[in-house]
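The values are calculated or read from the model by the stated rules, or taken from the named source; none is laboratory data. Being a predicted model, the structure only gives us computed values, none of them experimental. Backbone-built Cβ (ideal geometry, glycine too); neighbour counts: all protein chains shown. What goes into the accessible areas is simple: the full protein's heavy atoms, side chains included, and nothing from ligands, DNA or RNA. Shrake-Rupley method; radii C 1.70, N 1.55, O 1.52, S 1.80 Å.
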Amino acid sequence: MLSSLGEKQAELVAARLQNERFTHIFASDLSRAHRTAQTISDGNKVCRHEIILDKRLRERVCTFTDVLT
């Protein structure tokens, strides 16, 4: 679920990209990433695409100690 700030940010990105032509839309399978991609897709005036969800796009947490080992 997106926070109210996240929703607003997604809407701003959607407004900025509303006239861009996409060939594909990919997003992580996490709900907030899917919701963000859906908001951007819904706001697009020139094309419609199915959002392709892929768990390999999930964010990863790396710490400083991970780099050292």
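The table for this structure:
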{"read-out": "Accessible carbon and sulfur surface of the chain relative to its total accessible area, %, 1.4 Å", "value": "56 percent"}
{"read-out": "Cβ crowding within 10 Å averaged over residues, with 7-16, 34-43 ranked highest first", "value": "34-43, 7-16"}
{"read-out": "Cα-based Rg and Dmax for segment 1-58, where Dmax is the largest Cα-Cα distance (Å)", "value": "11.0, 29"}
{"read-out": "DSSP-assigned coil residues among chymotrypsin sites (Phe, Trp or Tyr not before Pro) in the chain, each with at most 16 further Cβ atoms within 10 Å", "value": "F22"}
{"read-out": "Only Lys, Arg (+1) and Asp, Glu (-1) charged, at Cβ; the chain dipole about Cα centre in debye", "value": "80 debye"}
{"read-out": "Extension gain from E50 to R16, taking 0.36 nm per residue of separation minus the Cα-Cα distance", "value": "10.3 nm"}
{"read-out": "Efficiency of FRET from Cβ geometry, H24 and C62, R₀ 30 Å, rounded to 0.05", "value": "0.65"}
{"read-out": "Accessible surface, per residue, of the chain when the full set of protein chains is kept, probe 1.4 Å, Å²", "value": "80 Å²"}
